[in-house]
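These notes are about the structure you will find just below.
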Amino acid sequence: MDALEKTWFLELYERHVDTVFRVCRTYLHNTADVEDATQNVFLKLLDKPRDFESSEHEKAWLIRVAINHCKDVLKSSWNKRSDMEGIAEPQAPRSDPAETYDETLAVVFELPENQRSCVYLYYYEGYSAAEIAAIVDKPHSTIRNYLSDARKELRKRLGGGFDE
Amino acid sequence: MSKPTNEHQNETKLKAAFEQMGPSTEARERMLAHILTAHEEGAQKATEQVSVATSTETPTKGEETAEAKATQETAPSETSTEEYTDIDPPENIWEVPNLPRYQKPNPILHFAKRYVVPLAACLLLAAIVPIVYLQFNAASMDFNAAAPMSAPNEKDLSAASPADQDSAEGIVGREPQDAQPQDGQPNEYLPAPPAQSENEPQAEEGRGATQADEGSAAPKADEGQAESSASPLNPLEVASATVAAGAALGVVLGTITLG
């Protein structure tokens, strides 16, 4: 890796590592898994560099790759769990016991995966429903339904309301 | 006004919660270090694979790489025996012995050798054994029929126990003195009168009445007994038994042959 490439990558990493890490966290609950997933996402970009149109394009690509990678990890871990079902020990709690989240985050983590990532992208990253639909490659109506269901659940659990 | 504030509070709560999810500074550095290391390792492996691929390719004329030259320089020459002077190398180690080339067997011949010949042998055995046995049985029956019956039967009777003698006498007839009618009374052990009436003229011509009884009445009864002893079983049963025995023998021999 030459100096120019390294500089480019370091800047990109600093810009998007938080986003990628958080997206991975919405899917995976183990900190080590989240770190592994984040590293893999950036490695994919580093192994096959791309020309992005803008920083937003870059970010959207990384989010998309992160979501797909996390889904793959969940699929494979589910397969491992089902294969080892006969001899497996009682399952460990899903969230990392060392980490304590506040009540809001605990409620968010109880949402289904798809709703969780949509809530994150909508309320934290500031994407619109249409943009989220483009990123996760799902219909706009589906994203709106996800957000609506998530709001209902959060209202029920946290009280108050949300901006529609 | 309370509702928008409440909504804003919830959004703030969510943002704060998601903010917590971010990586720590240590985690960022650790991940970055891992990413760079993994990328360098991957690049190194890729270059190694490329070099291996290029080295395995046949070099064109006058296109010998520096690596090939280096390997030629470092590799020991075939004629140098500095390190292995105490070992006598065999003469002409590269000479390949003139071995016959392997020829793929003909599948039909292989099948015939493997299956058809043993099966034919088994069937032949299964057919021959009962035939031979039946021939031998028929020959023994002929021999029994041709042999004189009186002498062996007498011997058998004399060798038998008294009880057996009595029983045999009851069937065949008693000794002449017992069979001899005394005081004109008929003997209770004698056979039926019609047999006696048939034998009487011949007996009177030759020897005496007692001898006629001895020679004619007893052998006739013995003949019947000899026939029954020569063919104790039904011929059909004998044939089936021999066929079965032959088949079993054939199967055993076939199994041994195939095995």
Report, as an integer, the average count of C-beta atoms from other chains found within 10 Å of each Cβ along B:21-28.
6
How much net charge surrounds A:Pro112 when only other residues with a Cβ under 12 Å from its Cβ are counted (Lys, Arg +1; Asp, Glu -1)?
-3
With label points built 7 Å along Cα→Cβ from the Cα atoms of B:Ala139 and A:Arg15, find their separation and express it in nm.
11.1 nm
Tabulate in residue order the Karplus-calculated ³J(HN,Hα) for region A:149-155, using 6.51 cos²θ - 1.76 cosθ + 1.60 with θ = phi - 60°, rounded to whole Hz; enter x for Gly and Pro.
5, 5, 5, 4, 5, 5, 4
Read phi for every residue in region A:127-141 and hand back ³J(HN,Hα) as whole Hz from Karplus 6.51 cos²θ - 1.76 cosθ + 1.60, θ = phi - 60°, with x for Gly and Pro.
6, 7, 4, 5, 5, 4, 4, 5, 5, 8, 6, 9, x, 4, 4
How would you order A:43-51, A:62-70 from highest to lowest mean count of nearby Cβ atoms within 10 Å?
A:62-70, A:43-51
For region A:109-123, what does the Karplus curve 6.51 cos²θ - 1.76 cosθ + 1.60, with θ = phi - 60°, yield as ³J(HN,Hα) per residue in whole Hz, taken in order and with x for Gly and Pro?
5, 7, 6, x, 4, 4, 5, 4, 5, 5, 4, 4, 5, 7, 8
Over 20 Å (Cα to Cα) - which of A:Lys6/A:Lys48; A:Lys156/B:Lys15; A:Lys44/B:Lys45; A:Lys152/B:Lys13; A:Lys48/B:Lys45; A:Lys44/A:Lys138 fall in this group
A:Lys44/A:Lys138
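Bear in mind that the values in this text are calculations on the coordinates, not laboratory data. Just so we're clear, the structure is a prediction, and the values are computed from it rather than from any experiment. Cβ: placed from backbone, ideal geometry, glycine included. Neighbour counts: every protein chain shown.
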